[in-house]
Structure formats: C-alpha cells, structure tokens
1. All but one of (1) part of a loop (DSSP other than H, G, I, E, B); (2) at pLDDT below 95; (3) in contact with a Ser or Thr (Cβ under 8 Å, 6 or more places away or on another chain) hold for ALA25; which doesn't?
2. For the stretch 28-51, give me each residue that is touching a residue at least 40 places away in the same chain (Cβ under 8 Å) and either assigned to a helix (DSSP H, G or I) or closer than 17 Å to PRO100 by Cα (or both).
3. For the structure I just gave you, tell me whether ALA18 is modelled with pLDDT under 85 and either more than 15 Å from GLY86 (Cβ to Cβ) or of a type in the set (A, V, I, L, M, F, W, C) (or both).
4. How many residues does the stretch 28-50 hold that are under 19 Å from ALA108 (Cα atoms) and at pLDDT below 90?
5. Looking at (1) modelled with pLDDT under 95; (2) loosely packed, with under 14 Cβ neighbours inside 10 Å, which is the one condition that is false for ALA62?
6. Keeping to the stretch 78-102, report how many residues are of a type in the set (D, E, K, R) and touching a Cys at 6+ places or on another chain (Cβ under 6 Å).
7. Among the residues of the stretch 52-91, count how many are touching a residue at least 40 places away in the same chain (Cβ under 8 Å), touching a Gly at 6+ places or on another chain (Cβ under 8 Å), not small (Gly, Ala, Ser) and not in a helix (DSSP H, G or I).
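The values are calculated or read from the model by the stated rules, or taken from the named source; none is laboratory data. Source: prediction; values computed, not measured. Methodologically, a virtual Cβ is constructed for each residue, glycine included, from the backbone with ideal geometry; neighbour enumeration extends over all protein chains shown.
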Amino acid sequence: MTIRTIKKVAAFACVVAAAGLAGCASVPKPGKVASETPPRLVAKADQTLAWDNPSAFGPVPAAEAARGASVCGSLDNDKTKFKATGYHAGALDAYGNPFPGGGFYCVAK
C-alpha cells in the first residue's frame, strides 16, 4: 500500500466510523484536546477500517483547517460533503505508523 493510498484509506475510515453510527443517538466526537495516546486505524469485523478512539482527536487547529478541508473534502460525492471535525498530530495508520502531518477525523456535514 502506498502512502497516498493509506492517506485516502485513513480519510475514508474516518467517514466509515462516523457514517456507521449516523443512525444512532450519538456519533463519536473528538475531545476538547488531543489525547496523549493517538487514535489508530483498526480493522473491524467486516474488514473496513475505522478509528479505534475518535475521542482521542482534538479540535482542528486553525493552521491545519485548510488541509483538513482538503483531506476530508476528497471524500465528497454528489450526495454527501465531508468536513474535518478532529485532528491528532500523532494519528496512526493501520500498521501503527504515524501519518506524516497527522490525521483528521472526517464526518458528513
């Protein structure tokens, strides 16, 4: 898997985690500050990837807002638009490696 593919999968995994719970009373939300323990992509029983702990993300810093909009916006389709609601500088990919520049938690607008 290339870095570009992993980044795209990471962004998609954010959406899977949020979309999978869209019908529930609450969708996981980032915390008020980023956790010391970074969120990590993990394989769920159905083999999709999702963040293991969305509350480990903190708010999206102003300096990362444009990049977050770009990363999450890359998931947009005709029916759904996405936005970054969380950021963690040490977010881990499915192999346990940090994403260069951190990772975003994306949800449908």
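1. Condition not satisfied by ALA25: (3).
2. ALA34, PRO38, PRO39, ARG40, LEU41, TRP51
3. Details: modelled with pLDDT under 85: yes; either more than 15 Å from GLY86 (Cβ to Cβ) or of a type in the set (A, V, I, L, M, F, W, C) (or both): yes.
Criteria met by ALA18.
4. To start, the set of residues in the stretch 28-50 that are under 19 Å from ALA108 (Cα atoms) comprises 28-31, 41, 48-50.
Those still in the list that are at pLDDT below 90 too: 28-31, 48-50.
Qualifying residue count for the region: 7.
5. Unmet condition: (1).
6. Here is the first cut: in the stretch 78-102, the ones of a type in the set (D, E, K, R) are 78-79, 81, 83, 93.
Narrowing the set further to residues that are touching a Cys at 6+ places or on another chain (Cβ under 6 Å) leaves 83.
Residues that pass the stated criteria total 1.
7. Residues in the stretch 52-91 being touching a residue at least 40 places away in the same chain (Cβ under 8 Å), touching a Gly at 6+ places or on another chain (Cβ under 8 Å), not small (Gly, Ala, Ser) and not in a helix (DSSP H, G or I): 5 in total.
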